[in-house]
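Single-structure report; data block below.
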Amino acid sequence: MKKLLFTLAAITVSMMATAQDFDTSKPFGFCTTSSRTDASSTYEVTGGGCYTYPVPENFSGKVIELKSDGPNADMKAKIQNAIKQNDVVILNGSNGDFIISSSIGFERGNKTILGINNARLCTKWYITDEIKKALDAAGVPNMSTSGGGGTLSNGKTVNEQAEFNTRQIIINLTGDKSENYQKSGIFSLNKENVIIRNITFAGPGSVDVGGYDLISATGAKHCWVDHCAFQDGMDGNFDITNSSDFITVSYCTFSYTDRSYMHQNTNLVGSSDSEAAGFLNTTFAFNWWGEGCKQRMPMARVGKIHMLNNYFSCAGNSSSINPRKNSEFLIEGNYFDTGVKKYYSESSATSVTWDTNNYIAEASSLPASKGTIVTMPYTYSVIPYADVPAFVQEQAGATLPYTSSEVPTPDTEAKNYSVMFNGTDTESESGYFTFGDASNKHNFNPKFTGKYNGIAYEQGLKMEGSTLIQFTTTAATSTVVIVQSTWSDNTLKFDGTELDVNTASTPEGSEGVRVYTIPSIGAGTHNITRGSGESGVLYVEVREAGTSSIESVATPSDVTATEYYSLDGRRLAEPQRGINIRVERMANGKTVTTKVIK
(Lines give C-alpha, C1' and ligand atoms only; values in the text may rest on other atoms or scores of the structure.)
Protein backbone atom coordinates (compact mmCIF):
# COMPACT_ATOMS: atom_id res chain seq x y z
CA MET A 1 0.00 0.00 0.00
CA LYS A 2 1.68 3.15 -1.21
CA LYS A 3 0.89 6.56 0.25
CA LEU A 4 1.77 9.81 -1.40
CA LEU A 5 2.02 12.83 0.86
CA PHE A 6 1.78 16.31 -0.54
CA THR A 7 2.32 19.62 1.17
CA LEU A 8 -0.62 21.98 1.35
CA ALA A 9 1.21 24.35 -0.96
CA ALA A 10 1.22 21.69 -3.69
CA ILE A 11 -2.43 20.72 -3.34
CA THR A 12 -5.44 22.22 -5.02
CA VAL A 13 -8.63 21.13 -3.33
CA SER A 14 -12.20 21.49 -4.59
CA MET A 15 -14.61 23.72 -2.73
CA MET A 16 -16.14 20.70 -0.98
CA ALA A 17 -12.88 18.88 -0.24
CA THR A 18 -10.04 19.07 2.23
CA ALA A 19 -6.48 17.81 1.87
CA GLN A 20 -5.69 14.26 2.95
CA ASP A 21 -2.99 11.61 2.62
CA PHE A 22 -3.48 9.85 -0.68
CA ASP A 23 -3.67 6.06 -0.63
CA THR A 24 -3.51 4.28 -4.01
CA SER A 25 -5.04 1.09 -2.59
CA LYS A 26 -8.16 2.64 -1.14
CA PRO A 27 -11.52 3.37 -2.80
CA PHE A 28 -12.29 7.04 -3.35
CA GLY A 29 -14.41 9.26 -5.52
CA PHE A 30 -18.03 8.71 -6.50
CA CYS A 31 -18.02 5.01 -5.60
CA THR A 32 -17.78 6.07 -1.93
CA THR A 33 -20.82 8.36 -1.85
CA SER A 34 -24.56 8.08 -2.42
CA SER A 35 -25.25 11.63 -3.55
CA ARG A 36 -23.98 13.88 -6.31
CA THR A 37 -24.18 16.88 -3.95
CA ASP A 38 -24.34 15.82 -0.26
CA ALA A 39 -20.92 15.15 1.26
CA SER A 40 -22.47 13.45 4.30
CA SER A 41 -24.15 10.75 2.21
CA THR A 42 -21.34 8.19 2.14
CA TYR A 43 -21.20 4.58 0.94
CA GLU A 44 -18.74 1.86 1.93
CA VAL A 45 -17.74 0.06 -1.23
CA THR A 46 -16.28 -3.29 -0.14
CA GLY A 47 -16.76 -5.61 -3.09
CA GLY A 48 -16.72 -9.12 -1.69
CA GLY A 49 -15.21 -7.90 1.57
CA CYS A 50 -11.55 -7.92 0.50
CA TYR A 51 -9.79 -6.19 -2.38
CA THR A 52 -6.07 -6.66 -1.63
CA TYR A 53 -3.71 -9.63 -1.88
CA PRO A 54 -2.84 -11.82 -0.11
CA VAL A 55 -6.28 -12.32 1.42
CA PRO A 56 -6.08 -11.89 5.22
CA GLU A 57 -6.24 -15.15 7.17
CA ASN A 58 -9.16 -13.87 9.22
CA PHE A 59 -11.29 -13.11 6.14
CA SER A 60 -14.49 -15.14 6.47
CA GLY A 61 -15.87 -14.75 2.96
CA LYS A 62 -15.74 -17.35 0.20
CA VAL A 63 -12.61 -17.08 -1.94
CA ILE A 64 -11.61 -19.00 -5.06
CA GLU A 65 -8.39 -18.80 -7.09
CA LEU A 66 -8.47 -19.71 -10.78
CA LYS A 67 -5.76 -20.39 -13.34
CA SER A 68 -6.10 -20.73 -17.08
CA ASP A 69 -6.71 -24.25 -18.37
CA GLY A 70 -4.43 -23.54 -21.31
CA PRO A 71 -4.11 -21.35 -24.40
CA ASN A 72 -7.08 -22.95 -26.20
CA ALA A 73 -9.42 -23.33 -23.24
CA ASP A 74 -12.53 -21.16 -23.00
CA MET A 75 -12.60 -19.94 -19.39
CA LYS A 76 -15.94 -18.11 -19.56
CA ALA A 77 -18.06 -20.73 -17.77
CA LYS A 78 -15.52 -21.29 -14.98
CA ILE A 79 -15.10 -17.59 -14.27
CA GLN A 80 -18.83 -16.92 -14.43
CA ASN A 81 -19.55 -19.79 -12.03
CA ALA A 82 -16.77 -18.63 -9.69
CA ILE A 83 -18.26 -15.13 -9.56
CA LYS A 84 -21.69 -16.59 -8.83
CA GLN A 85 -20.58 -18.79 -5.93
CA ASN A 86 -17.83 -16.74 -4.27
CA ASP A 87 -17.29 -13.34 -2.71
CA VAL A 88 -13.72 -12.90 -3.97
CA VAL A 89 -12.42 -14.34 -7.24
CA ILE A 90 -8.64 -14.30 -7.68
CA LEU A 91 -7.45 -14.73 -11.25
CA ASN A 92 -3.92 -16.14 -11.21
CA GLY A 93 -2.05 -15.47 -14.47
CA SER A 94 0.83 -17.87 -13.78
CA ASN A 95 -0.52 -20.44 -16.28
CA GLY A 96 -1.11 -17.98 -19.11
CA ASP A 97 -3.98 -15.89 -20.41
CA PHE A 98 -7.64 -16.47 -19.62
CA ILE A 99 -9.42 -16.82 -22.98
CA ILE A 100 -13.04 -15.64 -22.98
CA SER A 101 -15.43 -16.61 -25.79
CA SER A 102 -18.07 -13.97 -24.93
CA SER A 103 -18.90 -11.42 -22.27
CA ILE A 104 -19.35 -12.66 -18.68
CA GLY A 105 -22.39 -11.50 -16.71
CA PHE A 106 -22.81 -10.96 -12.97
CA GLU A 107 -25.81 -12.64 -11.29
CA ARG A 108 -25.10 -11.01 -7.93
CA GLY A 109 -23.35 -7.95 -6.55
CA ASN A 110 -20.96 -7.60 -3.60
CA LYS A 111 -18.06 -9.16 -5.51
CA THR A 112 -14.32 -8.60 -5.88
CA ILE A 113 -12.43 -9.72 -8.99
CA LEU A 114 -8.68 -9.46 -8.37
CA GLY A 115 -5.77 -10.28 -10.66
CA ILE A 116 -2.43 -11.64 -9.51
CA ASN A 117 0.69 -12.80 -11.39
CA ASN A 118 -0.07 -10.56 -14.39
CA ALA A 119 -3.57 -11.91 -15.01
CA ARG A 120 -4.88 -11.17 -18.52
CA LEU A 121 -8.42 -11.71 -19.79
CA CYS A 122 -8.42 -11.97 -23.58
CA THR A 123 -11.24 -12.32 -26.09
CA LYS A 124 -11.15 -15.51 -28.13
CA TRP A 125 -12.18 -13.84 -31.38
CA TYR A 126 -10.12 -11.04 -32.85
CA ILE A 127 -9.73 -9.08 -36.08
CA THR A 128 -7.37 -10.84 -38.48
CA ASP A 129 -5.18 -9.39 -41.21
CA GLU A 130 -7.50 -11.09 -43.72
CA ILE A 131 -10.49 -9.18 -42.38
CA LYS A 132 -8.55 -5.90 -42.45
CA LYS A 133 -7.52 -6.43 -46.07
CA ALA A 134 -11.11 -7.15 -47.09
CA LEU A 135 -12.37 -4.02 -45.31
CA ASP A 136 -9.69 -1.92 -46.98
CA ALA A 137 -10.51 -3.37 -50.38
CA ALA A 138 -14.17 -2.44 -49.90
CA GLY A 139 -13.25 1.13 -48.90
CA VAL A 140 -14.89 0.88 -45.47
CA PRO A 141 -12.76 3.65 -43.86
CA ASN A 142 -14.25 6.18 -46.30
CA MET A 143 -17.86 5.11 -45.76
CA SER A 144 -20.48 6.98 -43.75
CA THR A 145 -20.92 6.18 -40.06
CA SER A 146 -24.20 8.08 -39.78
CA GLY A 147 -26.29 7.06 -42.77
CA GLY A 148 -26.81 4.48 -45.48
CA GLY A 149 -26.78 0.77 -44.76
CA GLY A 150 -29.12 -2.02 -45.79
CA THR A 151 -30.18 -5.58 -44.97
CA LEU A 152 -27.50 -8.15 -44.18
CA SER A 153 -27.52 -11.67 -45.56
CA ASN A 154 -28.77 -12.88 -42.17
CA GLY A 155 -31.85 -10.63 -42.44
CA LYS A 156 -30.73 -7.96 -39.96
CA THR A 157 -31.06 -4.29 -40.92
CA VAL A 158 -28.19 -1.86 -40.39
CA ASN A 159 -28.62 1.90 -40.81
CA GLU A 160 -24.98 2.91 -41.21
CA GLN A 161 -22.99 2.30 -44.38
CA ALA A 162 -19.64 1.52 -42.71
CA GLU A 163 -21.19 -0.83 -40.13
CA PHE A 164 -23.32 -2.58 -42.77
CA ASN A 165 -20.37 -3.35 -45.03
CA THR A 166 -18.10 -4.31 -42.13
CA ARG A 167 -20.58 -6.80 -40.72
CA GLN A 168 -21.37 -8.32 -44.11
CA ILE A 169 -17.69 -8.78 -44.91
CA ILE A 170 -17.06 -10.50 -41.56
CA ILE A 171 -20.08 -12.77 -42.10
CA ASN A 172 -18.74 -13.70 -45.53
CA LEU A 173 -15.26 -14.45 -44.24
CA THR A 174 -16.17 -16.28 -41.02
CA GLY A 175 -19.48 -17.90 -41.94
CA ASP A 176 -20.85 -16.63 -38.61
CA LYS A 177 -24.37 -15.64 -39.68
CA SER A 178 -25.43 -15.31 -36.04
CA GLU A 179 -22.64 -12.76 -35.56
CA ASN A 180 -21.57 -14.26 -32.26
CA TYR A 181 -18.26 -12.44 -32.69
CA GLN A 182 -20.10 -9.26 -31.66
CA LYS A 183 -20.14 -10.55 -28.07
CA SER A 184 -16.35 -10.37 -27.81
CA GLY A 185 -16.24 -8.49 -24.51
CA ILE A 186 -15.13 -9.49 -21.02
CA PHE A 187 -17.56 -8.29 -18.33
CA SER A 188 -21.20 -7.12 -18.46
CA LEU A 189 -21.60 -5.36 -15.14
CA ASN A 190 -25.08 -4.51 -13.84
CA LYS A 191 -24.88 -5.08 -10.08
CA GLU A 192 -24.04 -3.08 -6.95
CA ASN A 193 -20.82 -2.99 -4.92
CA VAL A 194 -18.37 -4.63 -7.30
CA ILE A 195 -14.60 -4.11 -7.28
CA ILE A 196 -12.35 -5.09 -10.22
CA ARG A 197 -8.60 -4.61 -9.77
CA ASN A 198 -5.20 -5.37 -11.28
CA ILE A 199 -6.32 -7.10 -14.50
CA THR A 200 -5.31 -6.58 -18.13
CA PHE A 201 -8.22 -6.74 -20.58
CA ALA A 202 -7.20 -7.51 -24.18
CA GLY A 203 -9.91 -7.25 -26.80
CA PRO A 204 -10.44 -8.28 -30.42
CA GLY A 205 -9.61 -4.87 -31.87
CA SER A 206 -11.97 -1.97 -32.38
CA VAL A 207 -14.30 -2.21 -35.36
CA ASP A 208 -17.66 -0.65 -36.23
CA VAL A 209 -20.05 -3.61 -35.84
CA GLY A 210 -22.24 -2.61 -32.89
CA GLY A 211 -20.29 -5.03 -30.70
CA TYR A 212 -19.52 -5.34 -27.01
CA ASP A 213 -17.18 -3.35 -24.76
CA LEU A 214 -14.39 -4.92 -22.72
CA ILE A 215 -16.40 -3.85 -19.68
CA SER A 216 -19.94 -2.62 -20.15
CA ALA A 217 -21.54 -1.14 -17.02
CA THR A 218 -25.30 -1.02 -17.53
CA GLY A 219 -27.27 -0.17 -14.41
CA ALA A 220 -24.24 -0.83 -12.18
CA LYS A 221 -24.05 1.01 -8.84
CA HIS A 222 -21.19 1.80 -6.48
CA CYS A 223 -18.43 0.05 -8.43
CA TRP A 224 -14.68 0.61 -8.29
CA VAL A 225 -12.52 -0.37 -11.28
CA ASP A 226 -8.91 0.21 -10.33
CA HIS A 227 -5.40 -0.49 -11.65
CA CYS A 228 -6.57 -2.23 -14.82
CA ALA A 229 -5.29 -2.05 -18.40
CA PHE A 230 -7.80 -1.86 -21.26
CA GLN A 231 -6.67 -2.55 -24.81
CA ASP A 232 -8.45 -3.03 -28.15
CA GLY A 233 -12.09 -3.08 -27.05
CA MET A 234 -14.43 -3.89 -29.95
CA ASP A 235 -16.95 -1.09 -29.39
CA GLY A 236 -15.47 0.66 -26.37
CA ASN A 237 -12.86 -0.17 -23.77
CA PHE A 238 -15.08 0.62 -20.79
CA ASP A 239 -18.55 2.17 -21.23
CA ILE A 240 -20.89 3.28 -18.43
CA THR A 241 -24.55 3.56 -19.48
CA ASN A 242 -28.21 2.81 -18.68
CA SER A 243 -28.48 4.69 -15.36
CA SER A 244 -25.29 3.28 -13.88
CA ASP A 245 -24.26 5.44 -10.96
CA PHE A 246 -21.51 6.20 -8.46
CA ILE A 247 -18.61 4.69 -10.38
CA THR A 248 -14.87 5.30 -9.86
CA VAL A 249 -12.35 4.46 -12.57
CA SER A 250 -8.85 4.95 -11.17
CA TYR A 251 -5.27 4.16 -12.21
CA CYS A 252 -6.37 2.50 -15.46
CA THR A 253 -4.76 2.61 -18.90
CA PHE A 254 -6.63 2.75 -22.22
CA SER A 255 -4.97 2.02 -25.55
CA TYR A 256 -5.26 0.42 -28.98
CA THR A 257 -2.75 -1.57 -31.03
CA ASP A 258 -2.59 -2.30 -34.74
CA ARG A 259 -5.09 -5.09 -34.07
CA SER A 260 -7.76 -2.36 -34.10
CA TYR A 261 -9.22 -1.15 -37.39
CA MET A 262 -11.48 1.86 -36.75
CA HIS A 263 -13.93 3.12 -34.12
CA GLN A 264 -11.28 3.62 -31.40
CA ASN A 265 -13.90 5.22 -29.13
CA THR A 266 -12.58 4.28 -25.73
CA ASN A 267 -15.00 5.48 -22.99
CA LEU A 268 -18.67 6.42 -23.25
CA VAL A 269 -20.78 7.61 -20.31
CA GLY A 270 -24.46 7.68 -21.21
CA SER A 271 -25.67 5.86 -24.31
CA SER A 272 -27.97 8.59 -25.64
CA ASP A 273 -29.41 12.02 -24.92
CA SER A 274 -32.48 10.30 -23.45
CA GLU A 275 -30.55 8.85 -20.48
CA ALA A 276 -32.49 9.37 -17.24
CA ALA A 277 -31.47 12.44 -15.25
CA GLY A 278 -29.57 12.18 -11.96
CA PHE A 279 -27.43 9.11 -12.74
CA LEU A 280 -24.04 8.34 -14.32
CA ASN A 281 -22.00 10.17 -11.66
CA THR A 282 -18.44 9.05 -12.34
CA THR A 283 -14.88 9.74 -11.17
CA PHE A 284 -11.99 9.31 -13.63
CA ALA A 285 -8.77 9.72 -11.63
CA PHE A 286 -5.10 9.04 -12.42
CA ASN A 287 -5.90 7.26 -15.68
CA TRP A 288 -3.80 7.18 -18.86
CA TRP A 289 -5.29 7.52 -22.32
CA GLY A 290 -2.45 6.48 -24.58
CA GLU A 291 -1.52 5.12 -27.96
CA GLY A 292 -4.30 4.60 -30.48
CA CYS A 293 -7.10 6.30 -28.54
CA LYS A 294 -9.07 8.50 -30.97
CA GLN A 295 -12.03 9.88 -29.05
CA ARG A 296 -14.39 9.54 -26.05
CA MET A 297 -11.92 10.11 -23.19
CA PRO A 298 -14.65 10.22 -22.03
CA MET A 299 -17.70 11.43 -23.90
CA ALA A 300 -20.43 11.83 -21.29
CA ARG A 301 -24.06 12.79 -20.90
CA VAL A 302 -26.27 13.53 -17.88
CA GLY A 303 -23.79 12.63 -15.13
CA LYS A 304 -21.52 14.69 -12.94
CA ILE A 305 -18.04 13.74 -14.14
CA HIS A 306 -14.81 14.35 -12.22
CA MET A 307 -11.65 14.35 -14.37
CA LEU A 308 -8.84 14.29 -11.80
CA ASN A 309 -5.10 14.11 -12.58
CA ASN A 310 -5.41 12.08 -15.76
CA TYR A 311 -2.66 11.84 -18.39
CA PHE A 312 -3.32 12.07 -22.14
CA SER A 313 -0.63 11.03 -24.62
CA CYS A 314 -3.01 10.03 -27.44
CA ALA A 315 -1.34 12.00 -30.25
CA GLY A 316 -3.37 12.22 -33.44
CA ASN A 317 -6.70 11.81 -31.68
CA SER A 318 -9.91 13.46 -32.90
CA SER A 319 -11.46 14.31 -29.49
CA SER A 320 -10.57 13.78 -25.83
CA ILE A 321 -12.82 15.14 -23.07
CA ASN A 322 -16.28 15.63 -24.55
CA PRO A 323 -19.07 16.92 -22.24
CA ARG A 324 -22.47 16.37 -23.86
CA LYS A 325 -26.12 16.90 -23.07
CA ASN A 326 -27.05 17.69 -19.44
CA SER A 327 -23.62 16.73 -18.06
CA GLU A 328 -21.52 18.52 -15.44
CA PHE A 329 -17.72 18.29 -15.56
CA LEU A 330 -15.02 19.24 -13.08
CA ILE A 331 -11.64 19.07 -14.86
CA GLU A 332 -8.57 19.55 -12.69
CA GLY A 333 -4.93 18.57 -12.60
CA ASN A 334 -4.93 16.86 -16.01
CA TYR A 335 -1.99 16.78 -18.42
CA PHE A 336 -2.40 16.79 -22.22
CA ASP A 337 0.95 15.96 -23.78
CA THR A 338 2.46 17.12 -27.07
CA GLY A 339 0.51 15.90 -30.08
CA VAL A 340 -2.86 15.91 -28.31
CA LYS A 341 -4.38 18.76 -30.28
CA LYS A 342 -8.07 17.79 -29.97
CA TYR A 343 -8.20 17.91 -26.21
CA TYR A 344 -11.74 19.23 -25.65
CA SER A 345 -15.11 19.67 -27.29
CA GLU A 346 -18.43 20.47 -25.65
CA SER A 347 -22.06 20.24 -26.73
CA SER A 348 -25.12 21.05 -24.58
CA ALA A 349 -23.40 20.43 -21.26
CA THR A 350 -25.00 22.03 -18.20
CA SER A 351 -21.75 23.12 -16.53
CA VAL A 352 -18.03 22.65 -17.10
CA THR A 353 -15.35 23.89 -14.69
CA TRP A 354 -11.76 24.00 -15.96
CA ASP A 355 -9.51 24.46 -12.94
CA THR A 356 -6.34 26.48 -13.49
CA ASN A 357 -4.32 23.40 -12.46
CA ASN A 358 -4.47 21.77 -15.92
CA TYR A 359 -1.82 21.68 -18.63
CA ILE A 360 -2.28 21.50 -22.40
CA ALA A 361 0.98 21.32 -24.36
CA GLU A 362 -0.66 22.32 -27.65
CA ALA A 363 -2.61 25.31 -26.31
CA SER A 364 -1.63 28.69 -24.93
CA SER A 365 -4.65 28.88 -22.61
CA LEU A 366 -7.28 26.66 -21.06
CA PRO A 367 -10.79 26.37 -22.50
CA ALA A 368 -13.47 28.55 -20.98
CA SER A 369 -15.58 27.18 -18.16
CA LYS A 370 -19.33 27.10 -18.52
CA GLY A 371 -22.25 27.49 -16.14
CA THR A 372 -21.99 27.31 -12.36
CA ILE A 373 -18.87 26.02 -10.58
CA VAL A 374 -18.89 22.22 -10.38
CA THR A 375 -17.89 20.65 -7.04
CA MET A 376 -17.63 17.10 -5.75
CA PRO A 377 -19.33 15.57 -2.67
CA TYR A 378 -16.24 13.74 -1.42
CA THR A 379 -12.78 14.49 -0.06
CA TYR A 380 -9.78 14.23 -2.36
CA SER A 381 -6.42 15.79 -3.15
CA VAL A 382 -5.06 17.13 -6.44
CA ILE A 383 -1.41 16.71 -7.35
CA PRO A 384 0.26 19.42 -9.47
CA TYR A 385 -0.16 18.79 -13.20
CA ALA A 386 3.62 18.79 -13.68
CA ASP A 387 3.83 15.60 -11.60
CA VAL A 388 1.06 13.81 -13.49
CA PRO A 389 2.96 12.20 -16.42
CA ALA A 390 5.60 10.48 -14.29
CA PHE A 391 3.20 9.55 -11.52
CA VAL A 392 0.45 8.14 -13.75
CA GLN A 393 2.88 6.26 -16.02
CA GLU A 394 4.37 4.67 -12.91
CA GLN A 395 1.13 3.77 -11.18
CA ALA A 396 -1.56 3.20 -13.83
CA GLY A 397 -2.40 -0.17 -15.34
CA ALA A 398 -2.20 -3.65 -13.82
CA THR A 399 0.84 -2.63 -11.78
CA LEU A 400 -0.10 -3.74 -8.27
CA PRO A 401 2.63 -6.11 -7.02
CA TYR A 402 0.29 -9.01 -6.37
CA THR A 403 2.15 -12.31 -6.84
CA SER A 404 1.45 -15.65 -5.20
CA SER A 405 4.13 -17.40 -3.15
CA GLU A 406 4.20 -20.28 -5.64
CA VAL A 407 5.76 -18.01 -8.26
CA PRO A 408 9.45 -17.58 -7.33
CA THR A 409 11.50 -14.56 -8.18
CA PRO A 410 14.27 -14.89 -10.78
CA ASP A 411 16.89 -14.54 -8.05
CA THR A 412 15.72 -17.55 -6.03
CA GLU A 413 14.09 -20.79 -7.15
CA ALA A 414 13.38 -20.20 -10.83
CA LYS A 415 15.29 -18.35 -13.55
CA ASN A 416 13.67 -16.18 -16.21
CA TYR A 417 16.20 -15.54 -18.95
CA SER A 418 15.98 -13.64 -22.14
CA VAL A 419 18.24 -14.64 -25.01
CA MET A 420 21.92 -14.17 -24.13
CA PHE A 421 23.63 -12.17 -26.88
CA ASN A 422 27.23 -12.30 -28.00
CA GLY A 423 29.01 -10.76 -30.95
CA THR A 424 29.06 -7.36 -32.54
CA ASP A 425 26.65 -4.46 -32.23
CA THR A 426 26.71 -3.34 -35.85
CA GLU A 427 24.19 -4.31 -38.46
CA SER A 428 26.82 -5.10 -41.09
CA GLU A 429 28.47 -7.84 -39.04
CA SER A 430 26.75 -11.00 -37.85
CA GLY A 431 26.71 -11.98 -34.21
CA TYR A 432 25.34 -14.92 -32.27
CA PHE A 433 23.53 -15.81 -29.07
CA THR A 434 23.92 -18.86 -26.86
CA PHE A 435 21.87 -20.88 -24.41
CA GLY A 436 24.26 -22.26 -21.79
CA ASP A 437 26.60 -23.98 -24.23
CA ALA A 438 28.91 -21.55 -26.02
CA SER A 439 28.95 -23.86 -29.06
CA ASN A 440 25.16 -23.57 -29.44
CA LYS A 441 25.23 -20.40 -31.53
CA HIS A 442 22.49 -18.69 -33.50
CA ASN A 443 22.66 -15.56 -35.63
CA PHE A 444 20.95 -12.39 -34.50
CA ASN A 445 20.09 -9.02 -35.93
CA PRO A 446 21.19 -6.23 -33.56
CA LYS A 447 18.76 -3.70 -35.03
CA PHE A 448 15.44 -5.17 -33.85
CA THR A 449 13.38 -2.30 -32.40
CA GLY A 450 10.12 -4.00 -31.38
CA LYS A 451 8.64 -3.74 -27.91
CA TYR A 452 7.64 -6.37 -25.38
CA ASN A 453 5.92 -5.28 -22.16
CA GLY A 454 6.92 -1.71 -22.91
CA ILE A 455 10.66 -2.47 -23.18
CA ALA A 456 12.33 -1.69 -26.49
CA TYR A 457 14.65 -4.56 -27.36
CA GLU A 458 17.31 -3.33 -29.76
CA GLN A 459 18.64 -6.83 -30.32
CA GLY A 460 16.75 -9.89 -31.49
CA LEU A 461 17.08 -13.11 -33.42
CA LYS A 462 17.34 -13.04 -37.19
CA MET A 463 15.60 -16.04 -38.70
CA GLU A 464 18.02 -17.97 -40.93
CA GLY A 465 17.45 -21.53 -42.05
CA SER A 466 14.72 -23.76 -40.66
CA THR A 467 15.90 -24.02 -37.04
CA LEU A 468 15.55 -20.84 -35.04
CA ILE A 469 16.30 -22.09 -31.54
CA GLN A 470 17.34 -25.37 -30.03
CA PHE A 471 17.61 -25.66 -26.27
CA THR A 472 17.48 -28.23 -23.50
CA THR A 473 15.24 -28.24 -20.45
CA THR A 474 15.84 -30.32 -17.35
CA ALA A 475 12.58 -29.72 -15.47
CA ALA A 476 9.73 -32.16 -16.07
CA THR A 477 7.31 -29.28 -16.59
CA SER A 478 8.57 -26.05 -18.08
CA THR A 479 6.98 -23.10 -19.84
CA VAL A 480 8.24 -21.54 -23.06
CA VAL A 481 7.24 -18.00 -23.93
CA ILE A 482 7.81 -16.99 -27.56
CA VAL A 483 7.48 -13.35 -28.47
CA GLN A 484 7.18 -12.92 -32.23
CA SER A 485 7.66 -9.68 -34.13
CA THR A 486 5.88 -8.87 -37.39
CA TRP A 487 6.46 -11.66 -39.93
CA SER A 488 5.32 -12.04 -43.51
CA ASP A 489 4.22 -15.66 -43.09
CA ASN A 490 3.16 -15.62 -39.42
CA THR A 491 4.16 -19.28 -39.12
CA LEU A 492 6.11 -20.81 -36.25
CA LYS A 493 6.46 -24.39 -35.08
CA PHE A 494 7.37 -25.69 -31.65
CA ASP A 495 8.73 -29.25 -31.69
CA GLY A 496 7.17 -29.72 -35.12
CA THR A 497 3.68 -28.50 -34.23
CA GLU A 498 2.53 -25.28 -35.83
CA LEU A 499 1.56 -22.59 -33.33
CA ASP A 500 -2.02 -21.37 -33.75
CA VAL A 501 -2.01 -17.60 -34.21
CA ASN A 502 -5.46 -17.52 -32.55
CA THR A 503 -3.83 -18.48 -29.25
CA ALA A 504 -1.33 -15.62 -29.36
CA SER A 505 -1.79 -12.52 -27.27
CA THR A 506 -0.54 -8.95 -27.47
CA PRO A 507 0.53 -7.69 -24.03
CA GLU A 508 -0.18 -4.19 -22.82
CA GLY A 509 2.67 -1.90 -23.86
CA SER A 510 3.77 -4.13 -26.74
CA GLU A 511 4.09 -3.14 -30.36
CA GLY A 512 4.21 -5.37 -33.42
CA VAL A 513 4.49 -8.65 -31.52
CA ARG A 514 2.51 -11.79 -30.83
CA VAL A 515 3.13 -13.82 -27.68
CA TYR A 516 2.75 -17.60 -27.50
CA THR A 517 2.81 -19.38 -24.13
CA ILE A 518 3.51 -23.12 -24.21
CA PRO A 519 3.09 -24.68 -20.75
CA SER A 520 3.99 -28.13 -19.41
CA ILE A 521 6.72 -29.12 -21.83
CA GLY A 522 8.85 -32.08 -20.77
CA ALA A 523 12.56 -32.35 -20.10
CA GLY A 524 14.77 -32.72 -23.15
CA THR A 525 15.83 -30.92 -26.31
CA HIS A 526 13.29 -28.66 -28.01
CA ASN A 527 13.19 -26.78 -31.29
CA ILE A 528 11.51 -23.62 -32.49
CA THR A 529 11.33 -23.63 -36.29
CA ARG A 530 9.68 -21.52 -38.94
CA GLY A 531 7.61 -22.04 -42.04
CA SER A 532 8.41 -20.62 -45.45
CA GLY A 533 8.62 -16.89 -45.93
CA GLU A 534 10.87 -13.95 -45.35
CA SER A 535 13.21 -13.54 -42.44
CA GLY A 536 11.82 -12.14 -39.22
CA VAL A 537 12.96 -11.24 -35.72
CA LEU A 538 12.20 -12.87 -32.37
CA TYR A 539 12.69 -12.13 -28.72
CA VAL A 540 12.42 -15.42 -26.82
CA GLU A 541 12.21 -16.12 -23.12
CA VAL A 542 12.44 -19.64 -21.71
CA ARG A 543 11.05 -19.96 -18.20
CA GLU A 544 11.63 -23.12 -16.17
CA ALA A 545 10.26 -24.14 -12.78
CA GLY A 546 12.97 -25.37 -10.46
CA THR A 547 16.63 -25.48 -11.44
CA SER A 548 17.18 -24.28 -14.98
CA SER A 549 19.55 -25.85 -17.47
CA ILE A 550 19.79 -22.48 -19.21
CA GLU A 551 22.49 -20.36 -17.67
CA SER A 552 24.18 -17.13 -18.61
CA VAL A 553 27.42 -17.54 -20.51
CA ALA A 554 28.80 -14.57 -18.63
CA THR A 555 29.98 -14.47 -15.04
CA PRO A 556 29.04 -11.61 -12.69
CA SER A 557 32.51 -10.12 -13.13
CA ASP A 558 31.70 -9.62 -16.82
CA VAL A 559 28.86 -7.20 -16.02
CA THR A 560 29.89 -3.65 -16.89
CA ALA A 561 26.54 -1.99 -16.17
CA THR A 562 23.23 -2.91 -14.55
CA GLU A 563 20.08 -0.99 -15.43
CA TYR A 564 16.52 -1.25 -14.16
CA TYR A 565 13.34 -0.43 -16.07
CA SER A 566 9.65 -0.36 -15.23
CA LEU A 567 7.25 -2.44 -17.33
CA ASP A 568 6.31 0.63 -19.38
CA GLY A 569 9.95 1.10 -20.42
CA ARG A 570 11.09 3.92 -18.15
CA ARG A 571 14.62 3.85 -16.74
CA LEU A 572 14.66 3.54 -12.94
CA ALA A 573 17.35 4.71 -10.57
CA GLU A 574 16.79 1.57 -8.50
CA PRO A 575 14.29 -1.33 -8.43
CA GLN A 576 10.83 -0.36 -7.25
CA ARG A 577 8.22 -2.45 -5.48
CA GLY A 578 6.60 -4.83 -7.92
CA ILE A 579 7.94 -6.20 -11.21
CA ASN A 580 11.12 -4.67 -12.62
CA ILE A 581 13.21 -5.42 -15.70
CA ARG A 582 16.92 -5.80 -14.96
CA VAL A 583 19.29 -5.34 -17.90
CA GLU A 584 22.90 -6.48 -17.40
CA ARG A 585 25.35 -5.28 -20.02
CA MET A 586 28.42 -7.49 -20.44
CA ALA A 587 32.01 -6.60 -21.29
CA ASN A 588 31.85 -8.79 -24.41
CA GLY A 589 28.79 -6.95 -25.76
CA LYS A 590 26.11 -9.32 -24.50
CA THR A 591 22.89 -8.23 -22.82
CA VAL A 592 21.05 -10.31 -20.21
CA THR A 593 17.48 -9.28 -19.39
CA THR A 594 15.82 -10.63 -16.26
CA LYS A 595 12.50 -10.05 -14.50
CA VAL A 596 13.01 -9.05 -10.88
CA ILE A 597 10.20 -8.93 -8.32
CA LYS A 598 10.84 -6.71 -5.33
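Some points to look at:
- Apportionment of accessible area to carbon and sulfur, region 173-296, percent (1.4 Å): 44
- Between THR356 and ASP495, the simple spin-label model (points 7 angstrom out along Cα→Cβ) gives 6.7 nm.
- Take 211-219, 356-364 and order them by the average number of nearby Cβ atoms within 10 Å per residue, most first; the result is 211-219, 356-364.
- Between SER146 and SER35, the FRET efficiency estimated from the beta carbon spacing at R0 = 41 angstrom works out to 0.65.
- Calculated FRET value between LYS26 and ALA138, using beta carbons and R₀ = 51 Å, to 0.05: 0.55
- Where region 209-279 is the region considered: accessible area per residue in Å², 1.4 Å probe: 21
- Segment PHE59-ASP273, extension gain: residue separation times 0.36 nm, minus the distance between their alpha carbons: 72.7 nm
- Considering only region 72-167, percent of DSSP beta bridges that pair antiparallel, nearest 5: 20
- Unit Cα scatterers, Debye sum, region 109-186: log10 I(q)/I(0) for q = 0.20, 0.21 Å⁻¹: -0.90, -0.96
- Set LYS191/LYS370; LYS78/LYS304; LYS76/LYS221; LYS133/LYS325 screened for pairs whose C-alpha atoms are more than 28 Å apart: LYS191/LYS370; LYS78/LYS304; LYS133/LYS325
- Neighbourhood net charge (15 Å Cβ-Cβ; Lys/Arg +1, Asp/Glu -1) for LYS84: +4
- A simple spin-label model places the labels of LEU366 and ASN180 5.1 nm from each other, with each point 7 Å out along Cα-to-Cβ.
The values are calculated or read from the model by the stated rules, or taken from the named source; none is laboratory data. All of these numbers come straight from a predicted model, not from anything done at the bench. Glycine gets a Cβ as well: all are built from the backbone with ideal geometry, and neighbour counts include every protein chain shown. With ligands, DNA and RNA removed, areas are computed over all heavy atoms of the protein, side chains included. Shrake-Rupley method; radii C 1.70, N 1.55, O 1.52, S 1.80 Å.
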